[in-house]
Amino acid sequence: MEHFTMEHAIQLDNQDPLAKYRQEFYINHEKIYLDGNSLGLLSKRAEKTALEMLKSWKNYGIEGWTEGENPWFYVSESVGERMATLVGANGREVIVTGSTTGNLHQLLATFYEPQGNKKKILTDELAFPTDIYAIKSHLKLKGFDPDNELIKVKSRDGHTLSEKDIISEMKDDVRLVILPSILYRSGQILNMSKLTEEAHKRDILIGFDLCHSIGSIPHQLTQWDVDFAFWCNYKHLNGGPGAVGGLYVNQRHFGREPGLAGWFSSKKENQFDMDHQLVSEDHAGAYQMGTPHILSLAPLLGSVDMFQEAGIHKIREKSLKLTEFMMTLLEQELAKEEFIIRNPVPDEQRGGHLFIEHSDAARICKALKENGIVPDFRSPNGIRLAPVALYNTFVEVWKTVQTLKRIMDNGEYRKYTNERGVIA
Ligand SMILES: *Cc1c(COP(=O)(O)O)cnc(C)c1O
């Protein structure tokens, strides 16, 4: 097998068509940031649109709703329309609103319609906790016992799911399926096209949590005929802490009453009639509730612009190269250590981050941080490493693995306790 060196990494950076985007981000050059799948970094474009939004408040006051470069009244729709290219939707199927959890609540309230015995919701035992909590809320609101009506597909290895197992749980009594596009720990990509097809064969609606895939991999939600989807914009999309989330509703469902209505569900032209009879939009905009969080939306104007310019297919291409390079180096440099690569290896199943396990993971992460590398610890013994296409480099991947090797060789990690912090 070829032995990779630092020169190799330099060469890969020199050939990288996306290399120029790194200069557009605020990078702390003392550190190597590998946590862009938890909170993406600030770009100059996002900063600019955020500051412009403050300026429109300064200059226009209340008139900012309809005046200025990005009138606030239409911003959720206009960013949604542009974000649609990232999920493979048409512009009217996407709205930027709420948060992941809030949007899931809205979609459950809208799409979960138990019919006699057909009332179960199917998800998986590796799901992100907030998704489970939201689903349980809606079962309880309908008067059901989540212990009976929530089905969680089991993982065979504790890290990944088998599509076959999911499909075999799509039984007659299942009404709705909610699954991640990419599992937040192992980074496994589920085959959304196939799962949607199988759900629909059984008269089951299906929605996906895109938190780890938006801005990281391309999607074709409309072509796959997915019913709905929801996501956050502060991870790969670099929208900033607490950035407004996103929501997709297949055009087939346009006109469906929002389960949780508010005056921003209204048709725009009717909203200020102030009538007590809601006339909701006939597109994804109907699933908004109240006044949009304009200041938490503003950075997305600049950020989405950058994604459109760079192109999601190019981003994915580089992301795959980065994670592949990292896996190869881990095998080359750390073969004698007890690291286990838990993310799927094939390209079509591997998302934007690696997930490795080690019994000393918590203190290895502390030692990495002490050495200027920002990983992401996941209890009890997982390390997520996300080399991000728009701002990380192959040389950073090289340096990360060299640092990890040094920490293991000299036993530096043993200086720390093997416990996690409050946020991990
Ligand atoms: C990050 C993440 C969330 C976060 O939900 P918020 O409402 O934005 O706090 C939800 N689901 C998954 C899978 C995530 O990775």
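Somewhere in region 213-227, is a residue assigned by TED's automatic domain parsing to the domain that holds Thr97, touching a strand residue (DSSP E or B) at 6+ places or on another chain (Cβ under 6 Å) and open to solvent by 10 Å² or more (accessible area, probe 1.4 Å)? No - not one qualifying residue is present in region 213-227.
Kindly provide the set of residues from region 68-92 that are open to solvent by 80 Å² or more (accessible area, probe 1.4 Å), among the charged types (D, E, K, R) and modelled with pLDDT of 95 or more, ordered by number. Glu81, Arg92 - these are the residues of region 68-92 that are open to solvent by 80 Å² or more (accessible area, probe 1.4 Å), among the charged types (D, E, K, R) and modelled with pLDDT of 95 or more.
To keep it simple, each residue is scored yes or no on (1) out of contact with any strand residue (DSSP E or B) (no Cβ under 9 Å at 6 or more places or on another chain); (2) farther than 20 Å from Leu320 by Cβ.
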| position | (1), (2) |
| --- | --- |
| Arg22 | yes, no |
| Leu41 | no, yes |
| Arg45 | yes, yes |
| Thr49 | yes, yes |
| Ile62 | yes, yes |
| Trp65 | yes, yes |
| Gly68 | yes, yes |
| Phe73 | yes, yes |
| Ala89 | no, yes |
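Yes/no per residue for (1) touching a helix residue (DSSP H, G or I) at 6+ places or on another chain (Cβ under 8 Å); (2) within 15 Å of the ligand (Cβ to nearest atom); (3) free of Cβ contacts under 8 Å to residues at least 12 places away in the same chain:
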{"position": "Thr196", "(1), (2), (3)": "yes, no, no"}
{"position": "Ile217", "(1), (2), (3)": "yes, yes, no"}
{"position": "Gly242", "(1), (2), (3)": "yes, yes, no"}
{"position": "Arg252", "(1), (2), (3)": "no, no, no"}
{"position": "Leu278", "(1), (2), (3)": "yes, no, no"}
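Before we move on, is Ile151 of a type in the set (A, V, I, L, M, F, W, C), in a loop (DSSP other than H, G, I, E, B) and touching a Leu at 6+ places or on another chain (Cβ under 7 Å)? Explain how you work it out, then say what you get.
Working: of a type in the set (A, V, I, L, M, F, W, C): yes; in a loop (DSSP other than H, G, I, E, B): no; touching a Leu at 6+ places or on another chain (Cβ under 7 Å): yes.
So Ile151 does not fit the description; no.
Would you confirm whether any residue within region 104-114 is open to solvent by 10 Å² or more (accessible area, probe 1.4 Å) and polar (S, T, N, Q)? Checked region 104-114: no residue is open to solvent by 10 Å² or more (accessible area, probe 1.4 Å) and polar (S, T, N, Q).
If the requirement is being within 15 Å of the ligand (Cβ to nearest atom) and farther than 26 Å from Ser379 by Cα, which of these qualifies: Met192, Met170?
Numbers: Met170 fails: within 15 Å of the ligand (Cβ to nearest atom).
When all the criteria are applied, what remains is Met192.
Screening Ile95 on (1) in contact (Cβ under 8 Å) with a residue 24 or more places away in the chain; (2) part of a loop (DSSP other than H, G, I, E, B); (3) open to solvent by less than 50 Å² (accessible area, probe 1.4 Å) shows it passes everything except condition (2).
Just checking, how many residues over region 120-133 are free of Cβ contacts under 8 Å to residues at least 40 places away in the same chain and within 9 Å of the ligand (Cβ to nearest atom)? Reasoning before the result, please.
Within region 120-133, the first condition is being free of Cβ contacts under 8 Å to residues at least 40 places away in the same chain, and the residues that meet it are 125, 129-130, 132-133.
Next cut, within 9 Å of the ligand (Cβ to nearest atom) only: 129-130.
Total satisfying the criteria: 2.
Every condition in (1) part of a strand (DSSP E or B); (2) open to solvent by 10 Å² or more (accessible area, probe 1.4 Å); (3) at pLDDT 95 or above is met by Ile383 except one, and the failing one is (2).
Picking from His138, His200, which residue would you name as being more than 25 Å from Val345 (Cβ to Cβ), modelled with pLDDT of 95 or more, in contact with a Phe, Trp or Tyr (Cβ under 6 Å, 6 or more places away or on another chain) and open to solvent by 10 Å² or more (accessible area, probe 1.4 Å)? Can you show your working first?
Details: His200 fails: in contact with a Phe, Trp or Tyr (Cβ under 6 Å, 6 or more places away or on another chain).
Testing whether each residue is more than 25 Å from Val345 (Cβ to Cβ), modelled with pLDDT of 95 or more, in contact with a Phe, Trp or Tyr (Cβ under 6 Å, 6 or more places away or on another chain) and open to solvent by 10 Å² or more (accessible area, probe 1.4 Å) leaves just His138.
One residue stands out among those in region 141-156 that are open to solvent by 70 Å² or more (accessible area, probe 1.4 Å) and under 18 Å from Lys171 (Cα atoms): the one that is farthest from the ligand (Cβ to nearest atom), which is Asn148.
Remark: Phe355 falls outside the filter, which requires a residue to be open to solvent by 10 Å² or more (accessible area, probe 1.4 Å) and either in a strand (DSSP E or B) or of a type in the set (A, V, I, L, M, F, W, C) (or both).
The values are calculated or read from the model by the stated rules, or taken from the named source; none is laboratory data. None of the values given here were measured: they were computed from a predicted structure. Note: ideal-geometry Cβ built from the backbone for every residue, glycine included; neighbour counts use all protein chains shown. Heads up: the accessible areas ignore ligands, DNA and RNA and are worked out on the full protein's heavy atoms, side chains in. Shrake-Rupley method; radii C 1.70, N 1.55, O 1.52, S 1.80 Å.
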